[in-house]
Amino acid sequence: MATASNPATNGQIDSELDRSGLGGHPRGLTTLFFTEMWERFSYYGMRALLVLYMTTAVAGGGLGLDTKTATGIYGAYTGSVYLMSIPGGWIADNVLGARRSVLWGGIIIALGHYSMAVPSIYTFFPGLVLIVLGTGLLKPNVSAIVGSLYSETDPRRDAGFSIFYMGINLGAFIAPLICSYLGEKIDWHLGFGAAGIGMTLGIIQYIAGRDRLAGIGEAPAFPKEMIKRNAIRGVLFMALSCGAVGFLWFGPEIVQKNKMLILISVIVLFLVWLFTGFLKTEEKKPVAVIVILFLFSIIFWATFEQAGSSFNLFADRFTDRSVPASIQGLLPAWLQSQVQDGFPAGWFQSVNSIFLIALAPVFSWLWMKMGENQPSSPAKFSIGLFFVGVGALVLMLASGAIAGPGSTVSPMWLIGVYLAHTIGELCLSPVGLSTTTKLAPARLSGLMMGVWFLSISFGNFFAGEVAGEFGSKDALISLFGKVATGPVIAAIILLALTPSIRKLMGKVR
Ligand code: GLN
């Protein structure tokens, strides 16, 4: 993973610290905040449309795919986005440097969205691939640059990441409101185009603010020949990763059918190699903890990341989206006519982000207030898993409340689901990231960060697979029942393991 080190900030005394950016943070944070806000705007704006577009009949301007195929493609796409952060981080460290990787990533992402704005199947899939590659270059490296704005001991470091996470969710909140309206109500491709415009604005402000990042995330000072060689390796690394996913999802039928088994075998082989052939004795304990958290993290994301697929379909097909007459009366006339037959299903995609923005400060306050008494990292993970399971359980009950074919349930169900999921996310996501960095032996910090991203990637792959069971009422009860049971059982197992895990963790909590 990229280590965009900035020796300039290390060892500075307090009065020399740059406080001219957002909330007394370094100026560079302001630029990175808006870059990531717009990147996430484009990512979540398009994501809110993707499954609905693929499953809409050709007559309705969609691709007319069945839900199983659509959710499978969706899982392959979202999983690849996170998978690609591993070669993306490598390219930053060995070829481009983090700063230029972010720029190139942004440009490739924007091209991907514009490609999807063209109404043709021939531009649809290449568009998805471009977004996957571009996000791999941008996402891990923009976070790495945030880290390098602060020295290891800078007390503003954690707060800096929290502000950055707000940027992520601000983008993720606004995007579905705009893109889903344009996409669902006017034309799908207009929605995809809007995502591209968002990314373009992000690139413009990144270039305009480049002075604020001077000297940070520079390209490695390797000899030219070596950079060239690394560039070829980096491209091959990305191509191979893409090719592997393509082969599993679209290759021979026997491979397609067994792709989850193959993925699980890959995980097992990787772990065996890690422990028997790679780790030094003193590294085994902390890495074992990271691996345990990695496995539970996959289960969490496999549930959480149903948001854009099965939950989105639930919003579209089974949720009452009518706007009460009293509220309609308050809207301008043009909007009234637009929402007469219900607001866009994708608007529910904003609920997670708005809850996150509201609750993140509450959780920071809570952990601070509890101080030494706050739950340990594995215990927080267990709480996270429990809540993500509860969210799915709510959706199972909501499915049970569907009266019959064609009828819908209250939107409060989905809002409840997203509330539970946001609480889960706040217990698990930031904890996973920081525990990984704290436990990782120094020589393995990049690899271990990659392991964390890999858990999100695999979670997305599995989420897509599970969401393929989406169907009518009975299928939904069974689907969400299973999706609820997995994480709740996992939460109980993890809680039982917590004392032993804490022993392995040593001083880290
Ligand atoms: N919502 C956050 C983001 O997009 C976290 C999502 C994730 O890590 N899966 O960055």
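Any read-out appearing in this document is the output of simple, stated calculations on the displayed coordinates, not a laboratory observation. As the structure is a computational prediction, the values presented were derived from the model and not from experiment. Note that we place each Cβ from the backbone using ideal geometry, even for glycine, and neighbour counts take in every protein chain shown.
For the reader, a short list of remarks on this structure follows.
- Acute angle (nearest 10 degrees) that the helix 98-117 long axis makes with the longest principal axis of the chain, alpha-carbon atoms: 20 degrees
- Ratio of Rg to Rh over segment 253-303 (Cα coordinates, Kirkwood Rh, two decimals): 1.09
- Residue order, fewest to most surrounding Cβ atoms within 10 angstrom, among Phe161, Phe318, Phe222, Phe311: Phe222, Phe161, Phe318, Phe311
- Fraction of alpha-carbon pairs over 36 Å apart in the chain - percent: 29 percent
- Contact order normalised by residue count of the chain, Cα under 8 Å, 6+ apart, percent: 22 percent
- Couplings for segment 496-508, taken from phi via the Karplus curve 6.51 cos²θ - 1.76 cosθ + 1.60 with θ = phi - 60°, read 5, 7, 3, x, 5, 4, 5, 5, 5, 7, x, 7, 6 Hz in order; Gly and Pro are left as x.
- For segment 428-444, Karplus couplings with θ = phi - 60° (6.51, -1.76, 1.60), whole Hz, Gly/Pro x: 10, 5, x, 5, x, 5, 6, 5, 4, 5, 6, 7, 5, x, 3, 5, 10
- Residues whose amide H falls under 5 Å from that of Ser20, counting only those 5 or more places apart or on a different chain, are Arg27, with hydrogens built in the peptide plane.
- Pairwise centroid distance, computed over Cα atoms, of segment 258-308 with segment 461-509, Å: 15 Å
- Calculated on the alpha-carbon coordinates, the convex hull of segment 213-355 measures out at 285 cubic angstrom per residue.
- Stokes-Einstein diffusion coefficient of segment 122-167, Kirkwood radius over Cα pairs, 20 °C, 1.002 mPa s, in µm²/s: 173 µm²/s
- Per residue convex hull volume, Cα atoms of segment 95-139, in Å³: 48 Å³
- Under-5 Å amide H pairs with Thr319, H placed in peptide plane, nonlocal only: Val409
- Alpha-carbon Rg with Dmax, taken over segment 309-449, Å: 19.6, 62
- On Cα atoms only, tilt of 351-370 relative to the major axis of the chain in degrees: 40 degrees
- Geometric descriptor of segment 200-286, per residue, is 234 Å³ (volume of the convex hull of the Cα atoms).
- For the chain, the longest principal axis of the Cα atoms and the long axis of helix 121-148 meet at an angle of about 40 degrees.
- In sequence order, segment 470-485 has phi-based couplings of 4, x, 8, 3, 5, 4, 5, 4, 5, 4, 6, x, 5, 5, 7, 5 Hz under the Karplus curve 6.51 cos²θ - 1.76 cosθ + 1.60, θ = phi - 60°, and Gly or Pro positions carry x.
- Mean residue ellipticity, 222 nm, helices only, the chain: the sum of -39500 (n - 2.57) across DSSP H runs of n ≥ 4, divided by residue count and rounded to 500, is -24000 deg cm²/dmol.
- Calculated SAXS-style log₁₀ I(q)/I(0) at q = 0.15, 0.20, 0.21 Å⁻¹ - segment 181-236, Debye, Cα scatterers: -0.74, -0.83, -0.84
- Dimensionless Rg over Rh [segment 100-187; C-alpha; Kirkwood]: 1.10
- Evaluated at q = 0.25, 0.28 Å⁻¹: base-10 log I(q)/I(0), Debye formula over Cα of segment 436-500: -1.04, -1.08
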